[in-house]
Every structure is written in structure tokens, then in C-alpha cells.
Amino acid sequence: MFNKLTPNLMVESIEEALEFYRDVLGFNVVHTVPGDDSLNFAILNQGNVEMMLQARKSMKEDVPQVAEQSGSPTLILYVDVNGIEDFHARIRDSVDVVVPMRKTFYGMNEFYIRDPFGFFFGFAEKADS
């Protein structure tokens, strides 16, 4: 059956995306694929979390049916983290926080951000009782 889920986010510029995901959120760049004048693709990881970034130009060549989608993204990536308070304090002034840090009825401390490309991330850690 299923082995793994790795999101592939379509972005306008891999270089710009790396500035955010690497420099702000702390992802490691595992691999990049160059294009003619800029990067086409990147694989990132942070702990057990992996994701891919693909430039729209590259996506149009690779999977045009996907690249031609219009409208706002509706994807929310919900990420289980350790040390959410420290992580939140480190990035909160550098990101668009759309849901402030909160303790939920389902027992999580969490907050949500919107990245510069319109994707949403929920970061969560099990709350102490």
C-alpha cells in the first residue's frame, strides 16, 4: 500500500522559496536540479519531514495539467514539531502568522502560517496536560 507522502509544492522561483524554507523555517537542501537560467527543482528535509519544490516553468514542461491550475492553493501542511515554543519564537516575526499560538481542545499547541507562495502550514506539538 502507501509507503510515504512527500508534498511537491509548485512555486514561481526555487531560489526565492529556498530563502524562506531553508533560511526561515530551517529546512536542509538535500538536492537541487538546475534549469537553463535558474533552479527547476529542490528536495528539502527537516528531521523526518521531506518536501519537494518545483518551479512553475519546470512543472509546465513536466506536468502541464497541474501547472495550468489557477486560483489560490488550498493545501494545508500540518507538521508535528518538537519544541514548538522555541520554533514559534524564532520565526514569528519573519512569517505571516494566520492563527496565533493556541492550545486546542484536541490537546495540541499549534499555530498556522502562510508562506510567501500562498501555502498554509500548521505547526503543532502535543500539549502538556
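Annotations
- Restricting the search to helices (runs of 4 or more DSSP H) fully inside segment 1-93 and requiring at least 1 residues that are surrounded by fewer than 17 Cβ atoms within 10 Å (Cβ to Cβ) and modelled with pLDDT of 95 or more gives 14-21, 84-91.
- When segment 70-128 is filtered for residues that are touching a residue at least 12 places away in the same chain (Cβ under 8 Å) and among the small types (G, A, S), the ones remaining, listed by number, are S72, G83, S94, G107, G118, G122, A124, A127.
- Scanning segment 14-30 for any residue that is among the hydrophobic types (A, V, I, L, M, F, W, C) and in contact with a Pro (Cβ under 6 Å, 6 or more places away or on another chain) turns up at least one such residue.
- The requirement of being farther than 22 Å from M10 by Cα and either surrounded by 13 or more Cβ atoms within 10 Å (Cβ to Cβ) or of a type in the set (A, V, I, L, M, F, W, C) (or both) is satisfied by V99.
- Residues (in a loop (DSSP other than H, G, I, E, B) and surrounded by 12 or more Cβ atoms within 10 Å (Cβ to Cβ)) located in segment 108-129: D115, P116, F117, G118, F119, A127
The values are calculated or read from the model by the stated rules, or taken from the named source; none is laboratory data. This is a predicted model, so every value here is computed, not measured. Counting neighbours? That spans all protein chains shown, and the Cβs are built from the backbone with ideal geometry, glycine included.
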